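Q: Got a structure for you, questions after.
Each reported figure results from applying straightforward, stated rules to the coordinates on display, with no laboratory input. Every value quoted in this text rests on a predicted model; they were computed, and no experiment measured them. Positions of Cβ are generated from backbone atoms using ideal geometry, with glycine treated the same way; all protein chains shown enter the neighbour counts.
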């Protein structure tokens, strides 16, 4: 019985040691690619969290695999505690300099990431690579002041709604997919020409732009006031303020070559940090 218990303790110890070595290699690899290729963790706090996990697993493995005296056990745990406290302090201080805004997609394949410099107010959108690594892609046009929300409209579309210093509401859309197998670029507005509707909302896309009708109130958004993000979404603006986002649903298939054209539904999402509303619209023209 004791031998069996000792065997399991030894196995757990070796597993923890392997994890510790893996985290050390991860950190060394990160430092290399960060210096050479300007790659960062998708969230800056990951660096300190991985440090804590690394030393915790290493300490636990040492205690399980080696027969240390109580004195050395206390010394080891004290050193680990100091290291963890130091990294927690570094993490808190780092978060005071950079506000990490992150959200994981419903299928856990994509990470939406914005890093906001607290001092300058500049917010930069980061494109994720290999899930936990990222590179800066573009700066948001407006500083983030006040509330913000992140909503995944589909497994590959994240809508970031935020308030600005001039008391306007803006939307930035992170897109991580395609509805045409990535074969070519296309314009979302051109692919959803026609009439779309749900119970109390109607959208008509025509030569003049998008006419959105809600509660019998119709607003026209001309093409000059429409901004496209990737190949999955557009934002409708009025007076330089976001009002709606229109995104291609997961069942949407871009097929301009066929007589029937593109198929599927679209999603209408209100630009409001307090009253989010996502509505699936069906193609009335096709019906």
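Q: Over 17 Å apart: what share of the alpha carbon pairs of segment 39-114 falls there, rounded to a whole percent?
A: 57 percent
Q: Quick one: length gained pulling residue 213 to residue 95 fully straight, 0.36 nm per residue minus the C-alpha distance?
A: The residue 213-residue 95 span can extend by a further 38.2 nm.
Q: Still on this model: Just grab the label-to-label distance for residue 282 and residue 49, each label 7 Å out from Cα along the Cβ direction, in nm (one decimal).
A: Simple spin-label model gives 4.1 nm for this pair.
Q: Starting from the 7 Å offset along Cα-to-Cβ, what nm value, one decimal, do you get for the label separation of residue 185 and residue 103?
A: Placing both labels 7 Å beyond Cα along the Cβ direction yields 2.6 nm.
Q: Continuing with this model, one more query. When the helices in the chain are scored as -39500 (n - 2.57) per DSSP H run of 4 or longer and the sum is shared across all residues, what 222 nm value do you end up with, to the nearest 500 deg cm²/dmol?
A: My calculation for the chain gives -11000 deg cm²/dmol from helical runs alone.
Q: If I fit a long axis through the Cα atoms of helix 70-97 and take the longest principal axis of the Cα atoms of the chain, what angle between them do I get, 0 to 90°, rounded to 10?
A: Between the helix axis and the principal axis of the chain, the angle is about 20 degrees.
Q: Right, something else. Cα axis of helix 2-37 to longest principal axis of the chain: angle in degrees, 0 to 90, nearest 10?
A: Rounded to the nearest ten degrees, it is 50.
Q: To the nearest 10 degrees, how steeply does helix 45-65 sit against the main Cα axis of the chain, on a 0 to 90 scale?
A: That works out to roughly 30 degrees.
Q: Rounded to two decimals, what is Rg over Rh for segment 182-283 when you use alpha-carbon atoms and the Kirkwood radius?
A: Radius of gyration relative to Kirkwood radius: 0.94.
Q: Based solely on C-alpha atoms, express the radius of gyration and the Dmax of segment 1-135 in angstrom.
A: 18.5, 63
Q: For the chain, modelled as a GNM with alpha-carbon contacts under 10 angstrom, which of 269, 30, 126 fluctuates the most?
A: It is 30.
Q: Ok, one more. Please find the FRET efficiency linking residue 27 to residue 223, where r is the Cβ-Cβ separation and R0 is fixed at 35 Å, and quote it to the nearest 0.05.
A: 0.10
Q: On to the next question. GNM on the chain, C-alpha springs below 10 Å: top fluctuator among 161, 183, 175?
A: Between 161, 183, 175, it is 183 that shows the largest mean-square fluctuation.
Q: May I pose another question? Give, in whole angstrom and from largest to smallest, the semi-axes √(5λ) of the equivalent ellipsoid of the chain, with λ running over the eigenvalues of the Cα gyration tensor.
A: Semi-axes, largest first: 49, 22, 16 Å.
Q: Using Cα springs under 10 Å in a Gaussian network model of the chain, which residue among 81, 103, 184 shows the largest mean-square fluctuation?
A: Of 81, 103, 184, the Gaussian network model singles out 184 as fluctuating most.
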